[in-house]
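Heads up: the structure comes next, in structure tokens.
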């Protein structure tokens, strides 16, 4: 079959157009592949390389379970979502303030007086793994342990000692009692200190419970027992 010059020209242009389309498709495919590779590389870098500050530790979980703890510096892990890193500041001193002018914290002394006490607990994280995984609510646990320890120690001292000369001893004993309890809980927390900021007779009453009017004594004791129930 003999093709005319026009037919041959049309066929040539058609084949060239198809070839150019093929080149464009190949280039587009390579471009998309390059973008995907670039995104994957960035994802690997940002989720596998971790800068841990001097005051921090990096707790690594693998598929949601504890794997290891990263020390300060640059560290590498498997990419997310296989490994995840949670940074924990182990040098920051945190404070828990218990009791205030607006909220009475009533406690009973050994000579049967009710005092309203306010104090501050200073603590920091010692073991990030225990802190994150052993306690469901670490700060609330510390607060409850502090209240329980303070009630226990105050119940062993007389009114005048609680309000004055024995404050330092009370603070040291509460700190020791708290640390023992929190260690038993595997809390990963260190109690740095306890500071009593206020210790006054409840309701400014200056006589013992045994000398109070029955209604007043019953009311204050009921409030005290309510605090004990909440703290236990």
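What follows draws every value from the coordinates through simple rules; no lab data is involved. Quick caveat, the model's predicted, so the values are computed rather than measured. With ideal geometry, Cβ positions are generated from the backbone for all residues, glycine too; neighbour counts draw on all protein chains shown.
For the reader, a short list of remarks on this structure follows.
- Fewest-first ordering of 183, 97 by other beta carbons within 10 Å of each residue's beta carbon gives 97, 183.
- Between residue 160 and residue 91, the contour length at 0.36 nm per residue exceeds the alpha carbon distance by 21.2 nm.
- Ranking of 87, 197 by neighbouring Cβ atoms within 10 Å, starting from the fewest: 197, 87.
- Each of 163, 107 has some number of other Cβ atoms within 10 Å of its Cβ, and from fewest to most they run 163, 107.
- Alpha carbon convex hull of segment 58-102, volume per residue in cubic angstrom: 120 Å³
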